[in-house]
Each structure stands twice: as C-alpha cells, then as structure tokens.
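In what follows, a structure is listed as structure tokens, so that the remarks can point back to it.
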Amino acid sequence: MAEKPIKKAAGKEKVADPAKVSIDEATRTMLARAQALGIETVFDRAAKMKPCNIGAQGTCCKNCGMGPCRLPLPKGGMEGEDTRKGLCGATANTIAARNFTRMIAGGAAAHSDHGRCVAEVFMSAARKEGDAYRIKDTLKLLAVAPHFNVATRVEVDGELLDRDTDEIALEVAEKALAEWGKPEGELAYLKRAPDVLYNKWKNSGVLPRNIDREIVEIMHRTHIGVDQDYKNLMKQGTRTAIADGWGGSMMATDLQDILFGAPSPLQSEANLGVLKEDHVNIVIHGHEPVLSEMIVAVSQTPEMIEYAQSNGAKGIQLSGICCTANEILQRHGVPLCGTFLQQELAIITGACDAMVVDIQCIFQNVANVAKCFHTKLITTHPIAKMEQESVIHIEFDEHYAIEDAKKIVKLAIDNFQNRSADVMIPSQKASQIAGFGVESIEYHLGGTFRGSYYTLNDNIINGRIRGVAGVVGCNNARTKHNEGHIEVVKELVKNDVLVITTGCNGIACAMEGLLTPESAGVYCGPGLAEVCETVGIPPVLHMGSCVDNSRILLAATEMVKAGGLGDDISKLPVAGSAPEWMSEKAISIGHYFVVSGVYTVFGVTLPIAGAPVFQKYLFETFEEMYGGMWDLEVDPLKHARKMIAHIDKKRAELGIDRARERVMVDMSTRREMAG
Ligand code: SF4
Ligand code: MSK
C-alpha cells in the first residue's frame, strides 16, 4: 500500500510530509522551510483537499444550468445495462467525451494562441517594425518556407536566383498567420506527416481546416443538445488535436527557432541550487520566449551588470521554471530552477528578487508566497493577470521589447537590497546537456556531411537501441513529485530505449542527472550505452518546451523517411508517456500523439474511467483507426514495461526482433571477455 503523504502539523491542520511528496531533496528542504515559516504551498493544499471522485471519472457535466449532473460508476463497477443519464438524457459516454474534447480544446487553444502570439511577433520582425527582433536563423527560414508554399528561389531572365530573405520572411509571416482563420482548405503543415498518415487522416475526415475553427467547433458541439455521439465528438477532438500538434504548436516551434535560433546542444544546470545568494536572482516562469529572450539579452549587457554591482550584487543570475525555462535553456543555456511543482519553493529560498511570469502553469498562489518575502512578482501578458494588489503588471509590447525588459531587470536589481528573510538556497543542482532539436539530433547521429536519421534507424534495426520513447509532461500534486518521471525514464533506458523529453519531464530528468552523456554508463542497458558513448549524447535528449512536442512528431517522421522501419509512424518501435500529467495541454498532446500513430500511456489518472465504453474506444478502437491508442498506468514500472512491450510488438511486426537477440549475445560475450 502507498504511504500516506500527509502529516498533522502541531496536532492541527493536515500538511504534506516532505519526505513523502517528493523524491527531490531540494524540494523537501524548501517545503519543510515553508511549513516552518507557516507558508502554505501546493503540497499542503493537496493534503487538505481531496479531488472530486465523480469529476475524476469524467462523468460530471455542468454544461448547462440544470446540472451539474453527476454520473459516478456504481460501487463494484457497471453490471448490466448502463442506464445512467443527465437531466437532458446525456449518457456517461456523451458526458465523458464532451469533457475530454473540451480538455483537448483547452490545450489546443493554449498552445495555438501561444503560437499566434509568436507569429505576430514574427510578422513585426519581418516588417522590421522595431529593433528588438530580427530573423536570426535564415537556414531554418529557408527550410520552413516550402511548407507554407513560399518559394525560396525566383526565376529572373531564365535564371533561378535566391530570393531575398526579407521577402521570404514576410510571406511566411502572412501565410503562417492565416493558418488560424483561413476560410477554406486545410492546414499547410499536414503534408509534413508521412503520406500514409496524411491519407489516414484524409480518409477519416479529420484534416483540420484552420486552427481557431476546430477549437470553436468543439465548444459548439459540446453545448447542451448538440453532438451526442461519443465517436463523433472524438472525431472533432482528433481534428483539433491534429490542429495543435501539426499546426499551432509546430508553427510556434518553427517561428521561435527562426526568430531566436534553432537549438543545439549546450551545457547548463538544473534545480533550486542554481540560485545564487550574492547575485540578483530573476526567475522566469511560463511558456512564451518572446519577452524572456529580451530579458536574457538585457541582463547580459555591461550596463545592467554594472548597475547590479552598484547595488551590492556580484551579478545577475537568470533561471527558469516550466517551459519558458526550457525555451531559454535550449537557446542560451540559462539554468533550470525547477519544475511546475517547485514554483512556490523558488520564492521560499528568500533569494528570488523577481519572478517574471507570462502565460500557462503559473499558480495564483505565487502572489501570496511572494508577499511573505521581498520578491516582486511581475505579470507581463495582457491575458494573464492576477487579482492580488501586490502583483506588478508590466505589459509586454513587442515594439518596445528592450525597454520593457530593461524595466523588469532594473526592478529586480533595485529589489536586491530589500531581502527580508534569511536566504536559504538548497545545495542540490545537477549538470545537464540540453538543446536537441530535430536538426541537431540528425547532426549528432550522422555528422556534418552525412547528417541523417539512418544511424538511429540502423541502431534500432541492429538492436542496440530497442526503440524510442517520448516521455513528456507536467508534475501533478496528486502523485509524488518527479517519482513517476524518473522511474519511467530509468526503466526505459535500462532496457535500451532512447528517451526524448520535453516540458517538466525534461526538467525532472535534468535534476536527476539523466541529461549527461556520462549517465549512459550508469543507467543504460549495454546497447544504448554503447551508442551514447560512441556518439557522445545523453540517453535522454531534451527537445524543449510543451509546444516543442511538435519536434517529437517531426523526429518520428524523419525516422520514417530514413527507411527500414516501415512507412508510417505507427509502424515504428516507439511509445509515448506522460507519467505526471495535469494540464489540458497534456490531453491535447496525448491525443495528437495517439492519432499520429503512437501508443501513449498516461500516469496518475484519466478522466474517462466513469464511462467504460468510451474508455474502451480510446484504449482499443483508436488503434484500429490510427495505429496509436491511449492507456493509463499509475505504477511507473508497469507503465514503462507496457511501453517496452509495445515497442517489442512493433519490432516483431517489423521482423527485427531476432536481430536484437543476436546483438545481445555479442554484447554479453564481449562483457564476459572483458570481465
Ligand atoms: Fe445535465 Fe445535460 Fe445540462 Fe449536462 S447538459 S448539465 S447532462 S442537463
Ligand atoms: S510547463 S504544461 S506543467 S509540462 Fe510546459 Fe510543465 Fe506541464 Fe506546464
């Protein structure tokens, strides 16, 4: 039986037991400090408030004023005919499917609206409206332009000449922005998928038309009295998830790469120990890199460093939480301060002079924690403000990006001398190598002159690498912080499965030291260890933020293109996982993985258990339609083993299962010889 993660503080309120709610020592130390200071965090709130059982099953409907209608599963499970109904007659399947598709809509909206924001900044840069943003990565621009049907060469007097990059950028910006609301056609990027997959979508009638329309249509269909067929609802859920993964998210990633540079591997550090007592600490949190890029640039200027020194600090230390952190990590090596569940704890160190937040995954309670210290909490986005009066709002405007960034950095510096509590920074931090884009994986596996995914495929075919797993997603306060992430990933690499990661899983792996080439020798099976040591890569490749899950789709597509492993993503020996998911974005990501052909396992819970027929549809029928399907496994070891079993099933279907045995014999013989 699982240990109870709760203890009683001084015989009164229930609070979290630090030793039982996180595997991370720095987190435990800071949580204990928070409790000693009487400051409440998410861990304590989770101890006090239990989740609603009916909501957790996905069968609570509040889509009209006659509800909420609650349809829990009968104790002991469903026997006989399922007669449960809401007031309007909605069945458990309809209610669960409506809730699930609304989660997809929420997630797709978050990713895609982020993408739109980036596209607007991209347009501003293409028009050269200000000094802050310029097209940085012209190679990526030239690679992306054809996917929008934008020509990169032009015929002049019968001669084919390179087109002016400013002109290309402008046309890409116009075409990209149109993807959110174009009146006809289909999303431009869909044809980047393998042909077999594209045709599957086409034949199933799920090609997204434009991004906004698909999201709006979910809200319409789930209104009372509209779509009352769980299969038809999921058809729209599928269309919307594709619009996210192969649309809004993929454009966000591409346009960010063009503006700020495609990532390439670099060294950094992770965990609360990256904060520095004698520096001005600015912690950046959220998801959009457009402002944080400017904060990075401004904080490195001699003017700001001298200003910090004149205020008694040795310098300025930037670090990040959540995916803004991953964005500036992968392009600048800015260290990761922590995962989603550590955001309050960064302030509890007493060393955070400013926390700058943009959008998504930001606890409103950080404002209350900041008030207990000198920390300035600064919101920056017009769509993400907080009601607490102590919060400072400095609205970011791309036309004045440098001025806005300077204002924020100065505010943090001015606050350095106001530290009110003893500073207590945990010593824990780990080294990491991050910044693996689709392009840099190609380079690392193939070298400058023969960069390709052939080498990866070869190593899968010869059995050194058993398969590839995308392990991504959040923390969830209903489960032990980082335990699922780390146990799943360690079990995978131990079994020669190469892991690619994004989001908070990437941060958790960094904190655990799994993002170093040296970790291969410690944690990996012999085949994967050999490849990592030969090529000099970690066994877990950090590919960036939540929107960068689109990089995983494209990496899988490159594997299909490189040959030898079938003609579709669903044929590859790959699997997906989100061991500690919590956000609606994770549901959208999970679903676009599934309908791209990837078997995808979630941990913690899935809000569908109250509708067994609908659950079976997601867990089984989807495999017949798209080759990928959902699964739920709470136990991390079983979770990883299910993924490995799926990878083995795919290896057998490809006829490469025996090759592994041959290689394993060779390896063990070699080990015996060495021993
Ligand atoms: Fe109840 Fe139907 Fe209204 Fe939902 S839409 S709250 S099931 S009456
Ligand atoms: S930040 S969505 S908690 S991964 Fe992207 Fe982490 Fe999940 Fe937010």
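A few comments on the model shown:
- In segment 491-520, residue farthest from ligand 2 (Cβ to nearest atom) [restricted to those that are in contact (Cβ under 8 Å) with a residue 60 or more places away in the chain, within 19 Å of Ile647 (Cβ to Cβ) and open to solvent by 10 Å² or more (accessible area, probe 1.4 Å)]: Asn495
- Of the numbered criteria (1) more than 16 Å from ligand 1 (Cβ to nearest atom); (2) out of contact with any strand residue (DSSP E or B) (no Cβ under 8 Å at 6 or more places or on another chain), the one Val226 fails is (1).
- Residue check: Ser310 meets all listed conditions (1) buried (at least 20 other Cβ atoms within 10 Å of the Cβ); (2) away from ligand 2 (no atom under 16 Å from the Cβ); (3) more than 20 Å from the chain's Cα centre (by Cα); (4) farther than 22 Å from Lys585 by Cα but one, namely (1).
- Ile552 meets each of the listed conditions (1) in a helix (DSSP H, G or I); (2) away from ligand 2 (no atom under 16 Å from the Cβ); (3) open to solvent by 10 Å² or more (accessible area, probe 1.4 Å) apart from (2).
- Picking from residues in segment 21-59 that are basic (Lys, Arg) and in contact (Cβ under 8 Å) with a residue 24 or more places away in the chain, the one that is least open to solvent (accessible area, probe 1.4 Å) is Arg33.
- You will find that of Ser583, Ser588, the residue that is open to solvent by 10 Å² or more (accessible area, probe 1.4 Å), within 25 Å of Leu71 (Cβ to Cβ), within 16 Å of ligand 2 (Cβ to nearest atom) and among the small types (Gly, Ala, Ser) is Ser583 and no other.
- Of the listed requirements (1) surrounded by 13 or more Cβ atoms within 10 Å (Cβ to Cβ); (2) at positive phi, Ala176 misses just one: (2).
- Filter pass, Leu87 being in the same structural domain as Lys235 (by TED's automatic domain parsing) and either away from ligand 1 (no atom under 16 Å from the Cβ) or over 25 Å from the mean Cα position of the chain (by Cα) (or both): no
- Which numbered condition Tyr453 misses (of (1) assigned by TED's automatic domain parsing to the domain that holds Met543; (2) open to solvent by less than 10 Å² (accessible area, probe 1.4 Å); (3) at pLDDT 95 or above): (3)
- Entry remark, segment 599-619: residues being part of a helix (DSSP H, G or I) and among the hydroxyl-bearing types (Ser, Thr, Tyr) number 1 in total.
- Residue count for segment 276-298 satisfying the condition of being open to solvent by 10 Å² or more (accessible area, probe 1.4 Å) and under 24 Å from Thr349 (Cα atoms): 4.
- Per-region count, segment 510-549, residues at pLDDT 95 or above, in a helix (DSSP H, G or I), over 30 Å from Arg192 (Cα atoms) and not charged (D, E, K, R): 10
- Among the residues listed as Ile413, Ile460, Ile408, the single one being part of a helix (DSSP H, G or I), at pLDDT 95 or above and not assigned by TED's automatic domain parsing to the domain that holds Cys337: Ile460
- Residues of segment 84-127 that are over 18 Å from Tyr400 (Cβ atoms), open to solvent by 40 Å² or more (accessible area, probe 1.4 Å) and not in a helix (DSSP H, G or I): Lys85, Leu87, Cys88, Thr91.
- Gly130, sole failed condition from (1) more than 22 Å from the chain's Cα centre (by Cα); (2) under 19 Å from Asn210 (Cα atoms); (3) small (Gly, Ala, Ser); (4) surrounded by fewer than 20 Cβ atoms within 10 Å (Cβ to Cβ): (2)
- Residues satisfying the stated conditions in segment 387-405, i.e. touching a Gly at 6+ places or on another chain (Cβ under 8 Å) and either in a strand (DSSP E or B) or open to solvent by less than 60 Å² (accessible area, probe 1.4 Å) (or both): Glu398, Ala401
- Test: Ala145 is out of contact with any strand residue (DSSP E or B) (no Cβ under 9 Å at 6 or more places or on another chain), part of a helix (DSSP H, G or I) and buried (at least 16 other Cβ atoms within 10 Å of the Cβ): yes
- Candidates Val595, Val574, filtered to the one that is away from ligand 2 (no atom under 16 Å from the Cβ), hydrophobic (A, V, I, L, M, F, W, C), in contact (Cβ under 8 Å) with a residue 24 or more places away in the chain and over 16 Å from Thr101 (Cβ atoms): Val574
The values are calculated or read from the model by the stated rules, or taken from the named source; none is laboratory data. All values derive from a computational prediction rather than experimental measurement. All Cβ positions, glycine included, derive from the backbone under ideal geometry; neighbour counts span all protein chains shown. Each accessible area value is taken on the protein alone, full model and side chains, heavy atoms only, with ligands, DNA and RNA left out. Shrake-Rupley method; radii C 1.70, N 1.55, O 1.52, S 1.80 Å.
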